[in-house]
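Read-outs throughout are calculated quantities, based only on the coordinates presented, and are distinct from any laboratory measurement. Keep in mind it's a predicted model, so treat the numbers as computed, not measured. Every residue, glycine as well, gets a Cβ built from its backbone with ideal geometry; the counts of neighbours run over all protein chains shown.
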Amino acid sequence: MHRTLARLSKKHGPILFLEFGSRPVLVVSSPSAVEECFTKNDIIFANRPRILAGKHLGYDYSTLVWAPYGDHWRNLRRMASLEILSSNRIQKYAGIRMDEVRSLILRLYKITSKNGDDQFHVVEMKSLFFELILNVIMRMIAGKRYYGEKEGELEEERKFKEVVTETLELSGVRNNVDYIPALKWVGVNKVEKKQAILQRRRDELIQNLIEERKKSISNSSSEERNRTIIDVLLALQENNPEYYTNVMIRGMVQVLITAGTETSAATMEWALTLLLNNPKTLVKAQEEIDMVVGTNRLMDETDIDKLPYLGGIINETFRMCPITPLLIPHESSEECTVGGFRIPRGTMLLVNIWAMHNDPALWEDPTIFKPERFVGPKTENNNGLILPFGAGRRKCPGERMAMRSIPLVLGCLIQCFEWERIGEEMVDMSEGKGLTMPKAKPLVAKCRPRSAMMNLLSQI
Ligand code: HEM
């Protein structure tokens with residue numbers, strides 16, 4: 001949809017007013033129009049549209065992602081920013097992230113060195129990225145990780161993976177009944193049925209997680225009790241059970257798992273894909289890490305700010321492959337103007353960041369992967385405006401966490417291994433469907449340990 005809307009914008013201009021069935025829709029795709037929406041009109045557009053995904057997958061529009069702008073959303077947002085995703089808490093969980101990265105590296109090292117040769121081995125990266133991020137989030141939320149060794153663990157991990165993927169597929173803005181409600185009465189609405197079934201599965205999984213955590217903290221010390229995000233939410237519930245209901249806690253946990261896993265994992269997958277298709281950038285990134293970190297220790301989060309080229313790779317990935325190309329839809333709560341046009345109350349806003357990030361009027365050679373654009377001073381044709389996390393009041397509250405995990409994982413993989421495509425041809429860049437823009441085909445790559453890192457790898 002972001003590509004179709006970009007084509008329309010190219011023909012008719014960066015501010016489009018469309019009608020999707022009975023729903024008025026504003027599509028913006030220029031920096032000035034976006035700025036107008038998120039500065040002058042920020043409060044007006046801080047609402048979310050009441051689409052069926054919000055009803056069935058957002059506990060009747062009551063979760064952080066789907067709640068309308070108002071006191072309840074403000075309170076959830078404050079709770080997320082201060083108690084859950086604050087810089088303090090994110091810092092507190094740095095050890096978990098490092099631990100999981102070590103596990104991934106060890107896993108790859110075992111796969112690639114099992115025959116004692118120095119040949120390349122083929123690895124499927126999509127699941128490895130997802131499992132890593134799921135483990136990070138699960139350890140933060142519930143103090144639990146999936147080793148895939150214990151009976152039932154693989155099964156639970158598979159279920160979480162399935163519900164996250166399905167949630168993002170069923171949360172998109174392409175459900176016809178959201179625009180032509182009458183379809184509901186003629187029995188065309190299969191999506192709504194699927195959403196309701198999915199919600200029952202998600203609910204059960206999350207409630208089990210909460211019950212497990214309750215059991216494990218009932219006999220533990222007070223220090224242990226404040227360890228995970230579920231503990232924090234349960235403590236709030238103890239003080240104010242009427243407001244912090246079980247539904248609210250389940251909603252918050254669901255939002256964190258859905259919004260925090262696939263987004264980061266898919267960005268890592270796109271980044272590695274772009275590096276494999278542009279091997280010279282991979283070499284440059286490796287040289288930078290060797291110079292700053294060396295080969296005697298593993299890169300860690302304190303190195304991130306000293307690695308501008310790695311930062312450029314991540315920004316360039318966000319530019320070319322923003323994982324939420326239309327952000328999450330917003331809605332106007334009153335009439336306003338954008339670019340001089342009157343926008344009625346109740347208009348759905350789609351911000352086509354993909355179109356903006358790939359616009360030849362804003363970027364030199366937008367189809368070329370050039371991490372250098374984000375290194376050093378900004379130039380006229382490189383105005384640096386990328387909005388992968390959105391803007392304004394509803395901007396992503398997980399940005400800090402994502403910007404710790406993604407460079408760490410990618411940096412360590414580049415530091416420890418050599419990477420190649422599985423064949424001569426470029427890795428396929430087709431996009432899948434849903435609220436996010438995943439890679440259509442899971443990334444398969446060839447890798448082997450770098451000889452300069454063998455010593456360190458053998459000690460992990
Ligand atoms: C690469 C990683 C990520 C990207 C690109 C991303 C992007 C976004 C975007 C574009 C939005 C919508 C902004 C808007 O409505 O205009 C959003 C919302 C949100 N994100 Fe993220 N996100 C990422 C990671 C995370 C993580 C790690 C978490 C938490 C663990 C998270 C939690 C949320 C939540 C709760 C919202 C809803 C905020 C609201 O409606 O008030 N995200 N994200």
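Computed values, structure above
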| read-out | value |
| --- | --- |
| Residues whose placed amide H lies under 5 Å from that of Lys439, excluding near-sequence neighbours | Gly432 |
| Virtual spin-label span in nm between Tyr243 and Glu364, 7 Å along Cα→Cβ | 5.3 |
| Cβ-based exposure ranking for Met401, Met426, in which fewest neighbours within 10 Å come first | Met426, Met401 |
| Selection from Phe389, Thr436, Ser9 lying farthest towards where the dipole of the chain points positive, charges on Cβ | Ser9 |
| For Arg450, distant residues with modelled amide H under 5 Å away | Phe417, Glu418 |
| Long-range amide H partners of Glu331 with built H, under 5 Å | Asn47, Arg48, Leu349 |
| Gyration tensor verdict on region 53-140 (Cα atoms; rounded if a/c is under 1.5, prolate if a/b is larger than b/c, oblate otherwise) | oblate |
| Helix-only CD estimate at 222 nm, as mean residue ellipticity for the chain, using -39500 (n - 2.57) per DSSP H run (n ≥ 4) | -15500 deg cm²/dmol |
| Sorted by Cβ density within 10 Å, fewest first, the residues His330, His72, His12 | His12, His72, His330 |
| Debye intensity ratio in log₁₀ form over the Cα atoms of region 373-460, taken at each q of 0.16, 0.25 Å⁻¹ | -1.08, -1.21 |
| Highest average packing first - 48-56, 259-267, Cβ atoms within 10 Å | 259-267, 48-56 |
| Per-residue ³J(HN,Hα) for region 440-449, Karplus 6.51 cos²θ - 1.76 cosθ + 1.60, θ = phi - 60°, Hz, x for Gly and Pro | 5, 10, x, 6, 10, 9, 9, 9, 8, x |
| When the chain is reduced to its Cα atoms, the Kirkwood hydrodynamic radius in Å | 23.4 |
| Relative contact order (%) - the chain, alpha-carbon pairs under 8 angstrom, separation at least six | 26 |
| Region 39-94 shape via C-alpha gyration tensor axes, a/c threshold 1.5 | oblate |
| Neighbour-count order for Glu211, Glu157, fewest beta carbons within 10 angstrom listed first | Glu211, Glu157 |
| Separation of alpha-carbon centers, region 17-81 and region 287-319, rounded to whole Å | 35 |
| Stretch gain in nm, segment Gln459-Lys194, where the contour uses 0.36 nm per residue and the Cα spacing is subtracted | 90.6 nm |
| Phi to ³J(HN,Hα) by Karplus 6.51 cos²θ - 1.76 cosθ + 1.60 over region 328-339, Hz, x for Gly, Pro | 9, x, 9, 8, 7, 8, 8, 5, 7, 10, 9, x |
